[in-house]
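Working notes, beginning with the structure itself.
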């Protein structure tokens with residue numbers, strides 16, 4: 001009996017030990033599985049965070065790329081417009097040189113010419129910047145109390161005087177608005193015999209043009225300076241302050257005066273216009289315009 005009781009006791013101990021070991025193993029497995037699950041969830045969340053970050057970064061880059069593409073398209077469109085305008089000007093210049101047809105050049109240039117009317121006189125001016133700075137002869141404004149500009153499309157604009165140079169008979173004015181402007185050509189490059197066009201308002205006849213050639217350059221003016229182009233293009237009262245342009249449509253002079261006799265008109269050369277206008281602008285506006 002004693003022996004049998006001892007065997008049963010050992011069996012119970014074995015069972016208890018087995019149960020304890022099994023429970024420990026199950027507990028370890030559960031803990032390990034839980035820890036693994038936590039690690040996996042953490043990894044998944046981390047990956048999801050990275051995926052979201054990558055997606056946002058991709059979206060941002062896509063937006064930037066789209067914006068850059070649109071900017072490039074806008075730049076190309078603007079460039080194409082500029083190319084088209086330059087091409088039209090060059091075609092007009094070629095037409096003028098080969099066939100003596102100045103119509104396209106004149107059509108472009110007159111957009112930048114204004115008729116200047118004061119309470120005592122009338123003259124001409126031309127726009128030199130897209131924001132409405134205008135050059136004319138100072139004597140057009142002499143003694144006037146006010147001045148207004150009439151544009152090619154018949155709009156009347158009040159003019160404000162920026163400054164003037166009486167020696168070279170140049171005045172700088174400003175009108176409000178946005179405009180086409182005339183470009184200047186270096187008068188050192190002009191040649192005697194070259195075709196020119198004078199644009200102005202002779203005797204109140206608005207936006208008249210006359211064709212001629214350069215008869216001479218570096219002529220003396222009333223101020224005793226050899227700064228003037230002589231031309232046989234017709235200049236009459238009202239032409240003063242208007243542009244003298246070449247077959248490229250660029251300003252080579254400003255119509256200034258004529259003397260007795262036929263076909264004797266004079267225009268201040270463009271390099272002196274540029275120099276004088278910039279001197280006035282620096283003094284009054286602290287900038288250069290041309």
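The values are calculated or read from the model by the stated rules, or taken from the named source; none is laboratory data. This is a predicted model, so every value here is computed, not measured. All Cβ positions, glycine included, derive from the backbone under ideal geometry; neighbour counts span all protein chains shown.
On the basis of being in contact with a helix residue (DSSP H, G or I) (Cβ under 6 Å, 6 or more places away or on another chain), under 21 Å from residue 275 (Cβ atoms) and touching a residue at least 12 places away in the same chain (Cβ under 8 Å), does residue 190 make the cut? Criteria not met by residue 190. Among the residues of segment 162-182, those that are farther than 13 Å from residue 281 by Cβ and in contact with a strand residue (DSSP E or B) (Cβ under 9 Å, 6 or more places away or on another chain) comprise 168, 169, 175, 176, 177, 179, 180, 181, 182.
Just one of the listed residues (44, 91) is modelled with pLDDT of 70 or more and part of a helix (DSSP H, G or I), and it is 44.
Name the single residue, out of those in segment 242-263 being assigned to a loop (DSSP other than H, G, I, E, B) and on the phi < 0 side of the Ramachandran plot, that is nearest to the chain's Cα centre (by Cα).
Looking only at segment 242-263, we keep the residues that are assigned to a loop (DSSP other than H, G, I, E, B), and these are 242, 246-250, 259-263.
So of that shortlist, the ones also on the phi < 0 side of the Ramachandran plot come out as 242, 246-248, 250, 259-260, 262.
Values: 242: 25, 246: 24, 247: 25, 248: 21, 250: 19, 259: 41, 260: 44, 262: 43 Å.
Only one residue fits best here, namely 250.
A single entry from 84, 70 fulfils the requirement of being modelled with pLDDT under 70 and part of a helix (DSSP H, G or I): 84. For residue 213, state whether it is farther than 23 Å from residue 163 by Cβ, in a strand (DSSP E or B) and in contact with a helix residue (DSSP H, G or I) (Cβ under 7 Å, 6 or more places away or on another chain). The answer is no for residue 213. For segment 205-241, filtering for residues that are loosely packed, with under 14 Cβ neighbours inside 10 Å and within 34 Å of the chain's Cα centre (by Cα) leaves 1. Among all residue pairs at least 6 apart or on different chains, which show Cβ distances below 7 Å where the first residue, located in segment 107-131, is over 17 Å from residue 162 (Cα atoms) and the second is assigned to a helix (DSSP H, G or I)? Partner pairs satisfying both residue conditions: 108/89; 108/92; 121/140; 122/204; 123/140.
The listed residues are 140, 134, and the only one of them that is under 17 Å from residue 242 (Cα atoms), outside the structural domain of residue 228 (by TED's automatic domain parsing) and within 23 Å of the chain's Cα centre (by Cα) turns out to be 134.
Can residue 157 be described as modelled with pLDDT of 95 or more and either farther than 24 Å from residue 265 by Cα or crowded, with 18+ Cβ neighbours inside 10 Å (or both)? Step through it out loud before you land on a result.
Working: modelled with pLDDT of 95 or more: yes; either farther than 24 Å from residue 265 by Cα or crowded, with 18+ Cβ neighbours inside 10 Å (or both): yes.
Criteria met by residue 157.
Evaluation of residue 218 against the conditions (1) at pLDDT below 95; (2) out of contact with any strand residue (DSSP E or B) (no Cβ under 7 Å at 6 or more places or on another chain); (3) farther than 24 Å from residue 150 by Cα shows that the sole unmet condition is (1). Residues in segment 264-286 include at least one that is over 15 Å from residue 218 (Cα atoms), not assigned by TED's automatic domain parsing to the domain that holds residue 207 and not in a helix (DSSP H, G or I).
Note on segment 165-199: residues that are over 22 Å from the mean Cα position of the chain (by Cα) and at positive phi total 2.
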